[in-house]
Amino acid sequence: MVTCSDIFNRRNDTEHNNEWVATDADTPWILPDNEVVEAWENLRETYRAKASDVTLTLKPIIDDFLRTINVSEACHQSLMTVLTSFGKMETWSTKMVDSNGRLPSGLLEGTLTSLGSYDQCLDIVSPSTNLYAFQGQYCSVLFRPPLPARSPKYLSIAAGVKTLSNFSKPGEVFHHLAQNAQFFYSAALRIGICVPSTCAVQDVQKVATKVGGWLKLRGSLGSSAESPKVFCFKRSILDVYRNVFRKKNQAASEEQRGMVEEFLDCFSLRSNFLKLFSTKSSEQTIKAIHGIRFITIIWIIMAHTVNEYHYGMMSGVFNMKNQVGYFDNQFLVQASISVDTFFCISGFLTMYYVWFYTGGKAGKLNVWKFILVRYFRLTPPLVLTLCILFILPLLGSGPVWSEVLMPYVEGCYSTWWRNLLYINTLYKPVQCLGQTWYISCDFIYHVLSLTIFLPMLRNPKAGIIIILFFLLTSVAGTTVLTWYFELPPTHFAAMLDKREVLRMSQKRYPNPINHLGCYCVGLLAGYALARKKLTNVSKIILSLGWIASIFSFMSVIYGMYDWNRGVEGSTAVALMYAGLHRPVWSAGVAWLILMCVTGRGSFINTLLSWKPFISLDRLTYMVYLIHHVIVYVYNGYVRNLINTKEITIAYIMFGHILLSYLISTVCVLLVESPFFAIRRKFFSRSRGRKLVIQPPNDEDTGDTELSEKNIIRNGGVFHS
């Protein structure tokens with residue numbers, strides 16, 4: 001295929017000795033100085049005359065239009081001032097006209113947004129000599145075509161609108177649009193406009209409604225924006241103070257150091273940095289889990305990058321219905337299963353460490369400290385994330401900044417306390433920091449596990465029966481919820497309509513019943529390891545176990561492949577998949593962990609036990625909390641449409657991953673690590689003889705003495 005660039009940039013190897021030949025397309029138009037001035041004067045007069053002609057034609061039409069829809073006098077006069085000034089080619093009014101969006105290019109491939117120039121609009125200030133002095137105000141106007149009710153609900157993005165499936169003739173524009181009408185459930189034709197600040201929301205809404213009526217579409221106001229604000233931070237000087245304090249106490253012995261200095265030691269950036277990036281770990285640490293958690297959190301970030309997009313800010317959005325059907329994209333479409341890996345690991349480590357350090361003996365578990373240590377492990381990073389969220393509206397701006405960020409932030413103003421009590425997942429929907437539904441479930445499971453451990457330490461069979469009861473309850477409960485509310489088999493990224501996703505989330509996804517089975521599978525695996533049930537396993541059983549594990553992963557990822565392509569499956573298959581796919585996935589993860597920890601993991605164990613994963617894993621909890629905020633900030637801050645091609649999405653994914661780890665490193669050093677050290681010092685002073693369960697501490701690189709006076713490490717999903 002020959003393009004214009006091929007024609008104008010050819011090389012003449014014979015005549016020009018393989019040198020590039022410049023053409024008129026590559027060189028500026030050079031004239032003598034006097035001719036340049038004359039040419040620019042002709043250019044100015046030509047365009048000024050054109051602008052004046054356009055203004056004279058449009059002025060009575062627009063004036064009559066504004067009076068007809070009854071906008072406010074200030075808005076009316078300001079708009080007419082803009083039009084008059086534009087006829088004179090004045091800079092400020094021309095900028096205001098130029099800042100407006102137009103009909104977007106690529107409309108037929110799903111580019112539905114023309115943003116205009118957000119920053120240029122907000123920089124406009126009208127001359128003070130005008131009757132009404134004003135600034136530029138950016139707004140988004142949305143136009144939507146009529147659509148039938150979505151039936152059946154919860155369809156894949158690849159499933160079209162049945163009512164319009166045979167609309168118009170093939171080859172016609174409206175046939176093509178009708179075949180992609182499902183995208184208009186979530187996206188709209190969005191045009192960015194720049195209007196005087198004297199125009200109220202009601203004025204712009206009247207204009208949108210009237211224009212929409214002309215176009216046979218429903219017009220509405222999307223969002224408006226004010227000038228961005230700035231927020232500044234100051235850095236800590238705790239290390240400096242600590243060093244000065246230590247110099248004054250050099251003569252004192254280690255035992256005589258006061259509580260104040262011990263407290264300040266916890267905030268030492270140097271000490272925390274060295275601990276954070278140390279690749280040493282205690283012998284009790286199951287090293288392969290570091291790699292599994294790192295891979296899982298990367299998977300989650302990639303999935304949220306794709307799933308949390310504002311579809312109105314994407315170009316070529318119609319192409320997504322093909323992308324969700326690609327075989328190699330299923331790991332992103334089915335990424336909701338990734339978090340169940342964390343639940344399985346949490347149950348596995350909790351059981352293993354409790355049983356290992358108590359020796360299976362009753363009366364050695366301090367119930368209250370079991371709960372409180374876990375609470376104080378999870379809470380400081382969560383509080384920090386909430387604080388960041390509250391100041392977030394002050395830190396950015398953009399055409400859809402308020403539209404994207406404010407719903408994300410406003411839910412926390414009245415419901416933040418639910419997050420701190422870890423009961424937010426019991427409220428539907430989860431209104432504050434949506435990603436924290438997982439932490440709430442994990443804490444609920446941690447407390448619920450006491451109903452297993454207390455009887456199990458007296459009678460192991462009773463504990464196993466309770467675990468199996470919870471497992472079956474989870475499977476049955478999830479199946480019933482899916483059947484009763486007519487939900488899809490799982491939480492698909494292939495679902496386009498965010499309202500459908502929200503309704504589904506309210507009914508099943510963050511429900512503790514939905515993921516309890518995964519935690520129970522982890523508990524059973526941890527019990528098998530602690531009781532050394534895998535010491536004598538034949539090669540045939542091992543081979544079958546590996547085959548079953550691989551099959552479980554593949555069946556979960558690709559089990560709903562046809563559904564993602566828009567093919568509706570049977571209800572029986574959907575119910576079976578809904579109830580079993582999460583425990584089946586967890587069983588595969590549990591087998592992988594058991595094989596690695598018992599020395600049967602071969603090269604897989606070597607890869608997952610790579611030492612850098614130890615440091616990266618210490619950041620996992622903070623990364624989980626902060627990455628979702630970063631995704632929302634990016635989506636709200638964009639000024640240009642996002643291309644849906646794979647290479648563009650990959651760049652954005654890696655940017656989110658890098659930023660998440662960089663910001664999390666700072667947060668861990670300033671907050672999480674200090675509070676972790678404070679918690680260790682506080683609970684290490686416990687005088688009781690009962691064992692206390694704490695999250696595993698990879699910062700302690702020394703030998704661990706297994707005695708009743710030691711603080712026992714519990715395997716929560718995340719650790720420092």
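The values are calculated or read from the model by the stated rules, or taken from the named source; none is laboratory data. Note that the structure is predicted; figures quoted are calculated from it, not measured. For neighbour counting, all protein chains shown are included, and Cβ atoms are generated from backbone atoms with ideal geometry for every residue, glycine included. We work out accessible area using only protein heavy atoms, side chains counted, and drop any ligands, DNA or RNA first. Shrake-Rupley method; radii C 1.70, N 1.55, O 1.52, S 1.80 Å.
Taken together, 373, 400, 404 contain a single residue that is of a type in the set (Val, Ile, Thr), open to solvent by less than 40 Å² (accessible area, probe 1.4 Å), touching a residue at least 60 places away in the same chain (Cβ under 8 Å) and under 25 Å from residue 678 (Cα atoms), which is 373.
Scanning the stretch 121-139 for residues that are free of Cβ contacts under 8 Å to residues at least 60 places away in the same chain and either of a type outside the set (D, E, K, R) or part of a helix (DSSP H, G or I) (or both) yields a count of 7. Scanning the stretch 54-94 for residues that are part of a helix (DSSP H, G or I), open to solvent by less than 90 Å² (accessible area, probe 1.4 Å) and farther than 25 Å from residue 213 by Cβ turns up 55, 81, 84, 85, 86, 87, 92, 93, 94. The single residue among 2, 82 that is modelled with pLDDT of 85 or more and either touching a Leu at 6+ places or on another chain (Cβ under 7 Å) or not polar (S, T, N, Q) (or both) turns out to be 82. Report yes if residue 390 is farther than 30 Å from residue 581 by Cβ, open to solvent by less than 20 Å² (accessible area, probe 1.4 Å) and assigned to a helix (DSSP H, G or I), otherwise no. Taking the combined requirement at face value, the residue does not satisfy it. Can we say residue 170 is under 30 Å from residue 334 (Cβ atoms) and in a loop (DSSP other than H, G, I, E, B)? When the stated conditions are applied, residue 170 does not pass them. If only one of 566, 522 is open to solvent by less than 60 Å² (accessible area, probe 1.4 Å) and part of a loop (DSSP other than H, G, I, E, B), which one is it? Only one candidate passes the filter, namely 566.
Matching residues to (1) among the hydroxyl-bearing types (Ser, Thr, Tyr); (2) at pLDDT below 80; (3) assigned to a helix (DSSP H, G or I); (4) surrounded by fewer than 21 Cβ atoms within 10 Å (Cβ to Cβ):
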{"residue": "303", "(1), (2), (3), (4)": "no, no, yes, no"}
{"residue": "312", "(1), (2), (3), (4)": "no, yes, yes, no"}
{"residue": "331", "(1), (2), (3), (4)": "no, no, yes, yes"}
{"residue": "336", "(1), (2), (3), (4)": "yes, no, yes, yes"}
{"residue": "342", "(1), (2), (3), (4)": "no, no, yes, no"}
{"residue": "351", "(1), (2), (3), (4)": "no, no, yes, no"}
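Scanning the stretch 418-445 for residues that are open to solvent by less than 10 Å² (accessible area, probe 1.4 Å) and touching a Phe, Trp or Tyr at 6+ places or on another chain (Cβ under 8 Å) yields 422, 424, 425, 432, 435, 438, 439, 440, 441, 442, 445. Condition (residue is open to solvent by less than 50 Å² (accessible area, probe 1.4 Å) and of a type in the set (Val, Ile, Thr)) applied to the stretch 498-505: is it met by at least one residue? Yes - at least one qualifying residue is present in the stretch 498-505. Among the conditions (1) touching a Pro at 6+ places or on another chain (Cβ under 7 Å); (2) in a loop (DSSP other than H, G, I, E, B); (3) not aliphatic (A, V, I, L, M), the only one that residue 146 does not satisfy is (1). Inside the stretch 577-607, can you point out the residues that are over 24 Å from residue 530 (Cβ atoms), open to solvent by 30 Å² or more (accessible area, probe 1.4 Å) and under 29 Å from the mean Cα position of the chain (by Cα)? 580, 607, listed by residue number.
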